[in-house]
Amino acid sequence: MAGGRGANAVLGFHATPATVGKPLEWGWLPKWSILSGRGSLSVYLPHLPHLPPLLLLSLTLPQSAIHNLYKSFTAVLSAIVMNGQILGDRYQIQQQLGKKAGRRSLLARNLETEELVVIKLLSFNSDFEWDDLKLFEREAETLKSLSHPQIPGYIDYFEVNSPSIKGFALVQSYIPAETLEQYLKAGRSFTETEVKEIAKQVLEILIYLHSLHPRVIHRDIKPSNILLGDAYGGLRQRTGNSAGLVYLVDFGSVQTVAKESGTRTVVGTYGYMPPEQFGDRTTSASDLYSLGATLIYLVTGSHPADLPLHDFRISFEHIANLSPAFTDWLRWMTEPSLEKRLNSATDALAALNDSQPRITALTKPSGSKIKLTKDRDSLLILIPPAGFQSSMVFTSLFAIAWNSFIFFWTTAALAAPFPVNVILSLFSLPFWGAGFHLASLLLFPLFKSTGLRLTKQQIAFTTKIFGFKFYQRPSLTQDITKLVYTSSHFTKDSQGNRFQVPAQLDIWAGVQKYEIAINNGIVKSEVELEWLAHELSDWLGIPITRDS
């Protein structure tokens, strides 16, 4: 077993059958390899001032398991040994706050001022990449140039070059607050009023960042990078409708909008990154998208990456109980298209304070007589009679001939002696049924109008013909689960005859179905039906299910 009992804090490591690991100082991990399919792992901890004199662990596991355990044990033990170490001659490490590839966040105490600080440590270890150093230096330069009460203050930046660790350290002010991510994981929920307050504070910070020269774009706004404390800088105690004081942290992905040479690194967090950020076309509106996605996480409790997408837009309306205006604002913030999204934090704040939903400009097929009006409170579709069409000529002639024949047949049957007249009249009833059906195929398109009204509470479907209104049973809007669009297609009947099935759109609310179709004279063309399907899907936030 490798190791030693000198004055320095030394960890011992041994893997068999393999090479023997070198003694390692805190934070330094030796490279090692396992030469067989199975091996054993032993970890030895010599005497340390703040740990028992000996810690010994020996395991025999498959190769892959040993590798994972090695990484876990060395990370944990290194963090333990780091506590109490002094960096930069005056910052004594208290505890590790977080860790990700190549970086650690440490809580430390300034021995000269006795104040707590946060140290971000970039280590030259096996996880190090040169792009990390570029981003780290940019973060330090950016923080040094910023001055905002809701952004951590820059304190110090220095190189760490000791036997135990090599790298760079960025020291910034400590804020005694928890992240939005921590609050949600602890079970806290946020009201719409609180979420709006958080949004306004972050927008004020973004207005400051985006107004600088050069403009500063955060590029990684997410729940774990927003702290929530009270108005006095401490941990937030929930009172009334006040959310608390918001802080924006972690500028490790920041971009300053200026002419830069070389290849830029695509950074951010999946689910919170707008589409343009994947192509490294970040703008101020990119931060707005990330903020909108963060707020969606607050109101739904689900990460945006776990929510369904509708036309590449996050679909959250069906699980968030929000006002129409705020729902619309969040949709506006998270528009996947830059051209449709709010383009500045100033505009976003003004729109949020306006509290009025947008009225969506509508486009419909040329020549369509369907009237559709909507805002974020309601959607109303009025479909007038389709009118006479050339395809109805044959049907009308056949209907006239059929019903005329049935009329004369029935008249003659009634003139027959009793009880023959009764039998013949009853025999003619199915033929009258077919005649009425033929007549309806003519009269409904000529005189029937249809109305569909959707509010945040319910869906109502009405039919009006010859001045009479017929109501289909209404349903709750929240019960609408599916929009099923069936395209026009050909099929065969039981006798093998091929016929065309017209297109139709079905709105399912539980077991109740509301049908808009071409074959019943409601809609004249499939183009109109496609348009209505898109509008309903957009308003409800429910994707269209295609059937054939």
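Only a single criterion out of (1) surrounded by 14 or more Cβ atoms within 10 Å (Cβ to Cβ); (2) among the aromatic types (Phe, Trp, Tyr); (3) closer than 22 Å to His437 by Cα is not satisfied by Phe499, namely (1). Restricting attention to region 135-176, the residues that are within 30 Å of the chain's Cα centre (by Cα), over 16 Å from Arg104 (Cα atoms) and not polar (S, T, N, Q) add up to 8. Can Ile207 be described as touching a Leu at 6+ places or on another chain (Cβ under 8 Å), within 24 Å of Val117 (Cβ to Cβ), in contact (Cβ under 8 Å) with a residue 60 or more places away in the chain and of a type in the set (A, V, I, L, M, F, W, C)? So Ile207 does not fit the description; no. Identify, from the list Ala325, Ala293, the residue that is surrounded by 22 or more Cβ atoms within 10 Å (Cβ to Cβ) and touching a residue at least 40 places away in the same chain (Cβ under 8 Å). Of the residues listed, the single one that is surrounded by 22 or more Cβ atoms within 10 Å (Cβ to Cβ) and touching a residue at least 40 places away in the same chain (Cβ under 8 Å) is Ala293. One residue alone among Ser315, Ser344, Ser323 is of a type in the set (Gly, Ala, Ser) and within 15 Å of the chain's Cα centre (by Cα), and that residue is Ser315. Please determine whether any residue of region 240-252 is at pLDDT below 70 and not assigned by TED's automatic domain parsing to the domain that holds Lys144. The answer is yes; a qualifying residue exists.
When Lys364 is tested against (1) modelled with pLDDT of 80 or more; (2) closer than 16 Å to Ala533 by Cα; (3) in a loop (DSSP other than H, G, I, E, B), exactly one condition is not met: (1).
Screening Lys448, Lys482 for residues that are in contact with a Gly (Cβ under 8 Å, 6 or more places away or on another chain) and touching a residue at least 60 places away in the same chain (Cβ under 8 Å) leaves exactly one candidate, Lys448.
The numbered conditions (1) under 30 Å from Pro385 (Cα atoms); (2) free of Cβ contacts under 8 Å to residues at least 60 places away in the same chain are all true for Lys374 except (2).
Taken over region 301-333, the criterion of being in a helix (DSSP H, G or I) and either within 14 Å of Gly271 (Cα to Cα) or aliphatic (A, V, I, L, M) (or both) is satisfied by Pro304, Ala305, Asp306, Ala325, Leu330, Met333.
Scanning region 172-210 for residues that are among the aliphatic types (A, V, I, L, M) and either at pLDDT 95 or above or in a helix (DSSP H, G or I) (or both) yields Leu180, Leu184, Val195, Ile198, Ala199, Val202, Leu203, Ile205, Leu206, Ile207, Leu209.
Of everything in region 491-511 that's farther than 19 Å from Glu530 by Cβ and in a strand (DSSP E or B), which residue is nearest to the chain's Cα centre (by Cα)? Only one residue fits best here, namely Ala509. Of all the listed residues (Phe168, Phe136), the sole one being of a type in the set (Phe, Trp, Tyr) and at pLDDT below 90 is Phe136. If you filter region 519-540 down to residues that are buried (at least 19 other Cβ atoms within 10 Å of the Cβ) and part of a loop (DSSP other than H, G, I, E, B), you find that the one that is modelled with the lowest pLDDT is Gly521.
Scanning region 164-175 turns up no residue that is exposed (fewer than 15 other Cβ atoms within 10 Å of the Cβ) and within 25 Å of His303 (Cβ to Cβ).
Do we find a residue being touching a residue at least 40 places away in the same chain (Cβ under 8 Å), over 17 Å from Leu87 (Cα atoms) and in a helix (DSSP H, G or I) anywhere in region 115-131? Checked against the condition, which is being touching a residue at least 40 places away in the same chain (Cβ under 8 Å), over 17 Å from Leu87 (Cα atoms) and in a helix (DSSP H, G or I), region 115-131 yields at least one hit. Do you know which residues across region 132-158 are among the basic types (Lys, Arg) and free of Cβ contacts under 8 Å to residues at least 24 places away in the same chain? Lys144 - this is the single residue of region 132-158 that is among the basic types (Lys, Arg) and free of Cβ contacts under 8 Å to residues at least 24 places away in the same chain. Taking (1) within 35 Å of the chain's Cα centre (by Cα); (2) modelled with pLDDT under 85 in turn, Lys482 satisfies each apart from (2). Residues of region 237-246 include at least one that is part of a strand (DSSP E or B), touching a Leu at 6+ places or on another chain (Cβ under 8 Å) and surrounded by 19 or more Cβ atoms within 10 Å (Cβ to Cβ). Considering only residues of region 98-134 that are charged (D, E, K, R) and more than 31 Å from the chain's Cα centre (by Cα), which is farthest from Leu228 (Cα to Cα)? If we take residues in region 98-134 being charged (D, E, K, R) and more than 31 Å from the chain's Cα centre (by Cα), then Glu112 is farthest from Leu228 (Cα to Cα).
The values are calculated or read from the model by the stated rules, or taken from the named source; none is laboratory data. A quick note: this is a predicted structure, and the numbers were derived from the prediction, not measured. For neighbour counting, all protein chains shown are included, and Cβ atoms are generated from backbone atoms with ideal geometry for every residue, glycine included.
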